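Asker: Below you'll find the structure I mean.
The values are calculated or read from the model by the stated rules, or taken from the named source; none is laboratory data. Everything numeric here is computed off the predicted structure, so don't read it as measured data. Reconstructed Cβ throughout: ideal geometry from the backbone, glycine too, with neighbour counts over all protein chains shown. Surface accessibility is based on the protein's heavy atoms, side chains included, excluding ligands, DNA and RNA. Shrake-Rupley method; radii C 1.70, N 1.55, O 1.52, S 1.80 Å.
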Amino acid sequence: MSEQPRRPRKPGKPYRRPQKDPVRILAFEALRAVDERDAYANLVLPPLLRKARERDDFDARDAALATELVYGTLRRQGTYDAIIADCVDRPLREVDPPVLDVLGLGVHQLLGTRIPSHAAVSATVELARVVLGDGRAKFVNAVLRKVARDDLDGWLERVAPPYDEDPEDHLAVVHSHPRWVVSALWDSLGGGRSGIEELLAADNERPEVTLVARPGRATADELLGEEAAVPGRWSPYAVRLSEGGEPGAVDAVRENRAGVQDEGSQLVALALANAPLDGPDRRWLDGCAGPGGKAALLGALAAERGAFLLASEKQPHRAGLVAKALDGNPGPYQVIAADGTRPAWRPGSFDRVLVDVPCTGLGALRRRPEARWRRRPEDLDGFAPLQRGLLRSALEAVRAGGVVGYATCSPHLAETRAVVADVLKQFPDGELVDARPLLPGVPDLGEGPDVQLWPHVHGTDAMYLALIRRTA
């Protein structure tokens, strides 16, 4: 049988299967979850990393790079979108979201890391081939090659309006915050260019992991014995883990004797616990207890005094998290699922009450960078009735001579001083207590009597606290 003649090959490069990069594929999956499901990266990323670590080809350095790619891309999304928009011939809303995610990862590698430009482009184009297909990979390649022609400073000169012409829009592009957030934070700071630039820059920095040693169960000295541990700045129970420190590797954390808690959150709980009272000190209430960090610290402090803590949380699944955080607390406590605006307790039942109210979360943008892109100014109107209702209920729950702590992880004036002022107009039996002496050693606390903490000043989330004593 005669041999059949072979067909001549078509000219051009032979087809090559795209190479799968587990680090960048994981980062892409995390970004898609954040975009498609409105998930938070700090909740999505850990299980993805745990699963990846089960493979032999994924080590600690890979995990660190994946984390940097996800959080760096989210934090600088506004800046990167402005740069990408300058490199494409259509509005960004017409670019498919998965393509934008791949482009964001590529731009962050080019402009926000030390990865060489050629490696950043080739690795991102290879990712695009895997997750988007060859056609859209060519589009990604063309855009990234344009981006690679300049560094970040050069691009900002091009895409950010001059400060003198539009200061808010300039800061929004340079520091990657929505314009309305820039305006709100600037108002809260009271003006001045240096302060707002320092705050916006701090929002884009990776926050330290801070642990809390729960009194009576663990000590800061014990936690300081851990690798990469250094003392906290302000709270006597705080220990910071330097870069690479893993909370899950700490025995006291695994045993629930310590937890992960920002130092600003610790200071709020400590200030309420140490506020002077008129009369007994036996019953404490955490009226918005989820997910349980402050409740666990308050419960430990209450136990040292023989006081009882009631931790109330409206959402049952979050009440479950509170119960888990309090598990093993040495003193008496109870966790209930209840609506703080429809109290499950009698008026005047408590000596100390904390309400850390739901809010926009603008004070924790370091930890949840995607929140800045999800929030809208109209969200403030949605939170306002709830915040006022919770504070009114808290003032009704405390007895005469007792103290209420109103806290929020937002520095927005509409969620802080405006709420307190409005409620006190309707509740003449409440008077503000100077909270500043109850944060000993903490500098730059303003004129009082309330307290606003700042990432760029105190190294904490932007927690707000007002202490109110019920006089009658």
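Asker: Using alpha carbons only, how many angstrom separate the centre of the stretch 69-140 from the centre of the stretch 422-472?
Answerer: Answer, in whole Å: 43.
Asker: Could you compute how much accessible surface Phe350 exposes when probed at 1.4 Å, giving the result in Å² to the nearest 10?
Answerer: Only protein atoms counted, so the area is about 0 Å².
Asker: Only loop residues by DSSP count here, and only those with at most 10 other Cβ atoms within 10 Å; note down the GluC sites (Glu not before Pro) in the stretch 127-180 that meet that.
Answerer: Those that pass, being in a loop and sparsely packed, are Glu165.
Asker: Something else: Of all accessible surface on the stretch 225-306 at a 1.4 Å probe, what whole percent is carbon and sulfur?
Answerer: In the stretch 225-306, the share of accessible area belonging to carbon and sulfur is 47 percent.
Asker: Once the Cα gyration tensor of the stretch 129-209 is found, what semi-axes does its equivalent ellipsoid get, as square roots of 5 times the eigenvalues, in whole Å, sorted largest first?
Answerer: 32, 17, 11
Asker: Using unit Cβ charges (K, R positive; D, E negative) and no other charged atoms, how large, in debye to the nearest 20, is the dipole of the stretch 79-203 about its Cα centre?
Answerer: The calculation lands at about 680 debye.
Asker: Would you calculate the volume per residue, in Å³, of the smallest convex hull containing every Cα atom of the stretch 118-167?
Answerer: About 90 Å³ per residue, rounded to a whole number.
Asker: Here's something else I'd like to know. Among bridges DSSP assigns within the chain, what percent are antiparallel (round to 5)?
Answerer: 55
Asker: How far, in degrees from 0 to 90, does helix 293-305 lean away from the longest principal axis of the Cα atoms of the chain, to the nearest 10?
Answerer: For 293-305 against the chain, the angle is about 30 degrees.
Asker: Another question, then. Could you grab the relative contact order for the chain? Cα pairs under 8 Å, six or more apart, rounded to a whole percent.
Answerer: Once divided by the residue count of the chain, the mean separation gives 12 percent.
Asker: Kindly give Rg over Rh for the stretch 156-291, based on alpha-carbon atoms, with the Kirkwood expression for the hydrodynamic radius.
Answerer: Rg divided by Rh gives 1.11.
Asker: Determine the share of the stretch 309-354's accessible area contributed by carbon and sulfur atoms, expressed in whole percent, with a 1.4 angstrom probe.
Answerer: Looking at the stretch 309-354 in its full context, I get 50 percent from C and S.
Asker: Angle, helix 179-189 long axis vs. longest principal axis of the chain, Cα atoms, 0 to 90°, nearest 10?
Answerer: In the chain, helix 179-189 runs at an angle near 30 degrees to the longest axis.
Asker: Moving to a separate point now. Give, as a single signed number, the net charge of other residues whose beta carbon lies under 12 Å from the beta carbon of Leu43, with Lys and Arg counted +1 and Asp and Glu -1.
Answerer: Net local charge, Leu43 excluded: +1.
Asker: While we're here: Can you give me the three principal axis dimensions of the chain from its C-alpha atoms, in Å, biggest first?
Answerer: The principal-axis extents, from largest down, are 105, 57, 38 Å.
Asker: Considering the dipole of the stretch 67-184 built from charges on the beta carbon (Lys and Arg +1, Asp and Glu -1) around the Cα centre, which of Val102, Cys87, Val130 is farthest to its positive end?
Answerer: My answer, from the dipole projection, is Val130.
Asker: Counting only protein heavy atoms, what percent of the accessible surface of the stretch 89-217 is carbon or sulfur at a 1.4 Å probe?
Answerer: Using a 1.4 Å probe with all protein chains present, the stretch 89-217 comes out at 47 percent carbon and sulfur.
Asker: For the stretch 250-327, what is the Kirkwood hydrodynamic radius in Å, using each pair of distinct C-alpha atoms?
Answerer: One decimal place: 12.9 Å for the Kirkwood radius.
Asker: When only C-alpha pairs under 8 Å and at least 6 residues apart count, what is the relative contact order of the stretch 186-261, in percent?
Answerer: 32
Asker: Separation between the Asn274 and Glu246 pseudo-spin-labels, each 7 Å from Cα along Cα→Cβ, expressed in nm?
Answerer: 3.5
Asker: How high is the FRET efficiency between Leu152 and Asp221 when r is their beta carbon distance and R₀ equals 30 Å, given to the nearest 0.05?
Answerer: 0.10
Asker: Something else now. Among Gly279, Trp155, His412, whose Cα lies farthest out toward the positive end of the dipole of the chain, if unit charges sit on the beta carbon of Lys, Arg (+1) and Asp, Glu (-1)?
Answerer: Trp155
Asker: So what's the angle, to the nearest 10 degrees on a 0 to 90 scale, between helix 22-37 and the longest Cα principal axis of the chain?
Answerer: The angle comes out near 60 degrees.
Asker: With unit charges on the beta carbon (Lys/Arg positive, Asp/Glu negative), name the residue among Leu439, Ala319, Ala394 whose Cα is farthest towards the positive pole of the charge dipole of the stretch 315-472.
Answerer: Working it through, the farthest residue towards the positive pole turns out to be Ala319.
Asker: Assign unit charges at the C-beta atoms only (+1 for Lys and Arg, -1 for Asp and Glu), then state the dipole size of the chain relative to its Cα centre in Debye, rounded to the nearest 20.
Answerer: Roughly 1740 debye for the chain.
Asker: For the stretch 303-460, go through all pairs of different Cα atoms, get the mean of 1/r, take its inverse, and jot down that Kirkwood value in Å.
Answerer: The Cα-based Kirkwood calculation yields 17.3 Å.
Asker: With N set to the residue count of the stretch 46-117, report its C-alpha Rg divided by 2.2 N^0.38 Å to two decimal places.
Answerer: 1.27
Asker: Oh, and also: Quick one: if the Förster radius is 51 Å, what FRET efficiency do Asp429 and Asp96 give, using the C-beta to C-beta distance and rounding to 0.05?
Answerer: After rounding, the FRET efficiency stands at 0.35.
Asker: Turning to a different aspect of this structure: Normalising by the residue count of the stretch 327-457, find the relative contact order in percent from Cα pairs under 8 Å and 6+ residues apart.
Answerer: Reported as a whole number, the value is 27 percent.
Asker: Right, something else. I'd like to check one number: the per residue accessible area of the chain, probe 1.4 Å, reported in Å² as a whole number.
Answerer: That works out to 47 Å² for each residue.
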